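Since the structure comes first, as structure tokens, the remarks are kept for the end.
The values are calculated or read from the model by the stated rules, or taken from the named source; none is laboratory data. Computed from a prediction, not measured in an experiment: that's the story for all the values here. Note: ideal-geometry Cβ built from the backbone for every residue, glycine included; neighbour counts use all protein chains shown.
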């Protein structure tokens, strides 16, 4: 789904390799029609994006790891990175958990 957004906000990306990143929307330039798009994350060979969303107000993301254990990450706890980087792993107790699915928590 393509959504037009203004320049206030961030895009969150979570990959199956356990990398998390937030990218400022202002890092993206408007594009002309018929362009292929821009790269937002550097994926490894077997890596895939499991969650991506536009954020204006902080919210929680429920992440389910490969063992079926769920944990919650706040969007503010995900570091802001450059558009072309891989992203970073989480700090603390969730650092080594490999995500399989992720969902936005609606309160």
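Odds and ends about this structure:
- In summary, strands (runs of 3 or more DSSP E) completely within the stretch 18-92 and bearing 2 or more residues that are in contact (Cβ under 8 Å) with a residue 60 or more places away in the chain and surrounded by 14 or more Cβ atoms within 10 Å (Cβ to Cβ) occur at 20-24.
- Some residue of the stretch 35-42 being at pLDDT 90 or above and closer than 16 Å to residue 16 by Cβ: no
- Members of the stretch 98-107 that are under 21 Å from residue 55 (Cβ atoms) and surrounded by 10 or more Cβ atoms within 10 Å (Cβ to Cβ): 99, 101, 102, 103, 104, 105
- Of the residues screened, residue 53 is not one that is touching a strand residue (DSSP E or B) at 6+ places or on another chain (Cβ under 7 Å) and farther than 14 Å from residue 102 by Cβ.
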